[in-house]
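Quick notes on the structure that follows.
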Amino acid sequence: MMDITKLTAYETVKRIKSGEIGVKETLLSYLKKIEEREDLIKTFILIDRDRAIKKAEELDQLEHKEGLLFGLPVAIKDNINVYGYEATAGSKILKGYVSLYDASVVESIKRENGIILGKTNCDEFAMGSSTENSAFFPTRNPVNLEYVPGGSSGGSAACVAAEEVAIAIGSDTGGSIREPAAFCGVVGLKPTYGRVSRYGLIAFASSLDVIGPLSKDVRDAALMLNVIAGFDAHDETTVDIKVDDYLDILEGNIKGKKIGVIKEVMDFEVQKELKDALESSIQKLKGEGCEILEISIPYLKYALPSYYIIAPSEASSNLARFDGVRYGYESDGAYLREFYENTRTEGFGDEVKRRILIGTFALSEGYFEDYYLKASKVRRIIEMDFENAFEQVDALILPTTATTAFKLNEKKSPLEMYMTDIFTIPVNLAGLPAISVPAGTDKAGLPVGVQLVGKWFEEALLLRIAHHIEE
Amino acid sequence: MYKPTIGLEIHLQLMTESKIFCSCSTEFAAKPNTHICPVCIGLPGALPVLNEKVIEYGVMLGIALNCTINEVSSFYRKNYFYPDLPKGYQITQYAIPLAKDGFLEIVTENQRKMIRIEKAHIEEDSGKSIHTGDITESEYSFIDFNRSGVPLMEIVTYPDIESPDEAYEFLNLLRSIARYLGVSTGDMEKGALRCDVNISVSKDEVMGTKVEIKNLNSFRSVKRALEYEIKRQTKLIEEGRTVVKETRHFDEKDGTTKAMRTKEELNDYRYFPEPDLPPLIISGDFIEEIGQRIPELPNQKMRRFIEDYSLSIDYARSIAYVPSFSKYFESIIAFTGKPREVANFIMVNISNYLNETGKDIEEVPFGKEEFKELLDLIDSKIISLNIAKNVLDDSIRSGKSPSEIVREKGLSQVTDEDTLRSMIVEVLKENEMQVRQYLAGKTKVIGFLVGAVMKKSGGKANPDLVNKILLKELETLRQ
Amino acid sequence: MSKFDIEKVERLAGLKLKDDERERIKRDIDEIINYFDILKEVDTDGIDPLVYTKWTRLTLRNDEVHTGLTLEEIKKNRKLFGNNFFRVRRIIGE
Ligand SMILES: [Mg+2]
Ligand SMILES: [Zn+2]
């Protein structure tokens, strides 16, 4: 008998629609897989079997099997609202908070008849690169349980890698889709800022946050982008630019496309296997008739400090609403101020508190100009660097990370942890689309990812190139 | 001489159906927490979407306040913790407001004065905290988020105001303008207009210390608070003591201001650009189009009433500042002419009627036809001005036409000379002393005698005829 | 002397750390803030800060009223008091 959980999302929907497999049958295969593996990997914060099964049964009754995701189980990162489900964003402060509305991406997934299977674990408020900052439990890397799955969308990456679901939704503020995708050996797509609605995504850093899919292959990423991309009247930062049929364009050739290799990447220490993987991807692209050019992003190394000022600044404001008054965790105190401070100090974890404090400082009187404003100007310079680069090339290629996955509890100072994102963060600052695709393994057998960065709103070409280099 | 320097900060609620960043209703006095949604109670993940009407109204008001409208303006977050502020920040305009550099010209005691406006920007209101009992002693406060996200325009003046009367008049004019534009009711009791004042008192050229006063619930409170504060600060200075820079609360009951007892809060709002809202760009065409929709404003109307109709400042202002009054007034004089008489009837008789009945002027059952009839009765000397007032009062209340009333009650003037003469003869007999005085050269007493005749006739005697006949009779007596 | 006055920042941020926690967190933050200093190398004279990408345009909503949350829904997250108010601890004190 065929193992449905081995199929890609695209194949699964196709077979359900052709009648080859049933919706409930599909769902039950995944639930079985989850039962087998979940105890060890712990990717889900919430699974609602009953609601999912009920939905599957409803879909099985339908005569017309419509919708791009018909009958496909989908996992959603827990920082995204799904009506009636808890949404904790991996934080104690949101324990018990029940979503009273659907995020726009969830609405789109439901409209296309996808089934919401559950909510995946993540670093608290998406702040982290290992999913160890979840207030509830760490998720493990399915490839090797001693290792982290990356983060913050570690649960979403791990559940796809573990075949507990064919496709999952994550969010990427500084690499939170691409880094875990690379660590777990799956595809992770961060669309252009403004391409996918953030409505319903619990904000970390509003000017950087983007929702995107984690999937088994590039085709699945294209499928999900078809579902979630586009202008949304609920999100003033979405952009009304034509959405392509991303599945349709996937197969076309990439002959003559110019691919840039960023010179400054080699200023950083990069693990040998990752350099090798990058090189072999470059060779593949040459083989497809691409022209490889060396280009420069002179201010690349300033992306990290710029990001770690801007993101916490916005976060310090975004997370002010968690005051225990209307929802979520509430402590006590003799008077209001004490109640606030107790609620927030007990409700947030260390990394979140650190970032709130850094951000509050960076915006405060006397420091605003030197920190927040300075960082925002540097951000402009970095964006201009990319703009110059894209005058010469159609896409950029670089490693997703400088190393493969690290071990759980491998002592790292916060700053050391921040360095994990050196190759993903610049992309968020510039708002560009990027994708991480698996490119082999290191000698320990841990996955290696290579990252492609496209022009603004040109996900179509980006996905096509990625499709050509995936294994 | 101590000179007060006053600046106002006014929050005006823009009269939209829905809130500024979400589609919840702005209905006043609804059941608590029934007009709320993910956006306006700050549920995680919710995002603001700007209401176009807020921009339209904001631009309109900005133009009416003679401001420059910024074609590009931006939104910021003002960060602070307060339980009625659901997101932990207020979305407001900061670096670039919608409107800036305007002015309003006010008239007090025949003096014209320019009050400059620094800026007018749009922002969201917060919810409402209700404290049971003393704010410092009750164990809990209660929060209603219905107001959270109601659109406001904040108007900040330069400290050009120099007296409580000027402050009062500025507010009065501003509210009237808002009502003419239909952008705000300006009702203070419904929170649609709120005003904080800054005031310092100084001798000579040295600027005094600025004190902020909050909790002003009516125009009268603004005036009273300022009057009190001027006295308080003047006294401190005279006694050689210092005025403390602080925020004070106005106490409605005893008319004093009191230092707020709150703990010294860190005031660092950490303003930064609101990443969820790109800059607001409005075209010159849009601004132009809005500008063309602005009607004649109350201060222009007032000036016109004074210049063209010779109304007194008080009457001109009272009619011009209330849109329904001026609409009524102008519709009537367009038909009847005689603006001074009509203004008089409106400000005395009709105002009384409205006060008594609590009705609006639109409901007054005395339109231009009735006015015409009334004025014609006066013109053709059938009734006197005094009788006319009674006729008007009667007509509004009974619904009968003025001529009907004059006929039924026999109010038409006595113009029959024989009737008048016999009345006059009687009066002369009854007032021998005055007659003697008159004959002795004290011609002033004629007024007294005319009055006596008018009284005898029940006010119906035609005053001109009375005069004429009376003089003739007195001359006869002289011979 | 570090420019990062943690107790003042805590107060602005609505946090109050325990002493040992404060010490640890402050050490980390000092290190991070020092690292930010490399931004001083970048000449940003005449550069506009970037907050919004050039693609974003504000779109305006029609002034229409839609039904929001019901009291039943709100009560899934918080008990309401009196005539359906949220309740908080008294506002002033110390
Ligand atoms: Mg304000
Ligand atoms: Zn609302």
So, relative contact order of chain A in percent, Cα under 8 Å, 6 or more apart, is 17 percent
Inter-part gap, Cα centre of region C:25-44 to Cα centre of region A:37-80, in whole angstrom, is 44 Å
Site B:LYS3, offset 7 angstrom along Cα→Cβ, radius 15 Å on amide nitrogen, limited to region B:196-227, gives B:200-209
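If contacts are Cα pairs under 8 angstrom and at least 6 residues apart, what is the relative contact order of region B:53-167 in percent? Intermediate values should be presented prior to the final figure.
Values: 235 pairs, mean separation 27.4, N = 115.
With pairs under 8 Å counted, the relative contact order is 24 percent.
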Quick calc, A:LYS255 & A:ARG51: beta-carbon distance into FRET formula, R0 51 Å, rounding 0.05, result 0.60
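Which links in A:LYS216/C:LYS54; B:LYS409/B:LYS456; A:LYS77/A:LYS411; A:LYS24/A:LYS190; A:LYS17/A:LYS110; A:LYS42/A:LYS407 stretch past 22 Å when you go from one Cα to the other?
On the way: A:LYS216/C:LYS54 33 Å; B:LYS409/B:LYS456 16 Å; A:LYS77/A:LYS411 26 Å; A:LYS24/A:LYS190 30 Å; A:LYS17/A:LYS110 16 Å; A:LYS42/A:LYS407 16 Å.
Beyond 22 Å between Cα atoms: A:LYS216/C:LYS54; A:LYS77/A:LYS411; A:LYS24/A:LYS190.
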To the nearest 20 debye, the protein assembly as shown has a Cα-centred charge dipole, built from +1 on Lys and Arg Cβ and -1 on Asp and Glu Cβ, of 2520 debye
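Loop-only GluC sites (Glu not before Pro) in region A:198-292, please: DSSP not H, G, I, E or B, and at most 12 other Cβ atoms within 10 Å.
On the way: sites: A:GLU236, A:GLU251, A:GLU264, A:GLU269, A:GLU273, A:GLU279, A:GLU288, A:GLU291; in loops: A:GLU236, A:GLU251, A:GLU269, A:GLU288.
Filter output for region A:198-292: A:GLU251, A:GLU269.
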Of the residues B:PRO402, A:CYS184, A:ILE202, the Cα lying farthest along the dipole of the protein assembly as shown towards its positive end, which is defined by charges on the beta carbon of Lys, Arg, Asp and Glu, belongs to B:PRO402
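Quick check for me: using +1 on Lys/Arg Cβ and -1 on Asp/Glu Cβ, what's the dipole size of chain B about its Cα centre, in debye to the nearest 20? Provide the component values of the computation, followed by the final result.
Working: 63 positive and 74 negative charges, 273 e Å.
Roughly 1320 debye, rounded to the nearest 20.
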Note on chain B: contact order normalised by length, alpha-carbon pairs under 8 Å, 6 or more apart, percent, works out to 14 percent
The distance between the Cα centres of region A:112-157 and region B:356-405, in whole Å, is 82 Å
Sorting B:SER326, B:ILE91, B:ILE69 by the position of each Cα along the dipole of chain B (Lys, Arg +1; Asp, Glu -1; all at Cβ), the one nearest the positive end of that ordering is B:SER326
Calc'd 3J(HN,Hα), region A:345-354, phi into Karplus 6.51 cos²θ - 1.76 cosθ + 1.60 (θ = phi - 60°), Hz, glycine/Pro = x, comes to 5, 7, x, 8, x, 4, 5, 5, 4, 4
Only helices counted: for chain A, with every DSSP H run of 4 or more residues adding -39500 (n - 2.57) and the sum spread over all residues, [θ] at 222 nm is -11500 deg cm²/dmol
Among A:ILE381, A:ASN409, A:PHE339, the residue whose Cα sits farthest towards the positive end of the charge dipole of region A:317-413, when +1 is placed on the Cβ of each Lys and Arg and -1 on the Cβ of each Asp and Glu, is A:ASN409
Note: region B:298-409 at 10 °C, 1.306 mPa s; Kirkwood Rh on alpha carbon pairs; Stokes-Einstein D in µm²/s works out to 112 µm²/s
Each label sits 7 Å from Cα toward the beta-carbon; between B:ALA29 and B:ASP285 the label points are separated, in nm, by 4.4 nm
Straight-line reach check, B:LYS203, cutoff 14 Å on alpha carbons, 8 or more apart in-chain or any other chain, hits among aspartates and glutamates -> B:GLU162, B:GLU238, B:GLU239
Treating only Lys and Arg (+1) and Asp and Glu (-1) as charged, each at its beta carbon, one finds that region B:417-478 has a dipole about its Cα centre, in Debye to the nearest 20, of 200 debye
By Cβ neighbour count within 10 Å, fewest first, A:THR26, B:THR415 rank B:THR415, A:THR26
With -39,500 (n - 2.57) per DSSP H segment of 4 or more residues and division by the full residue count of chain B, the 222 nm estimate, nearest 500 deg cm²/dmol, is -12500 deg cm²/dmol
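What does the charge count around A:ILE167 come to, taking other residues whose C-beta lies under 9 Å from its C-beta (Lys +1, Arg +1, Asp -1, Glu -1)?
Details: positive: A:LYS216; negative: A:ASP220.
Around A:ILE167, the charge tally is 0.
Every read-out reported here was derived from the displayed coordinates using simple, explicitly stated rules and does not represent laboratory data. Here the structure is a predicted model, which means the values were calculated and not measured. Cβ: placed from backbone, ideal geometry, glycine included. Neighbour counts: every protein chain shown.
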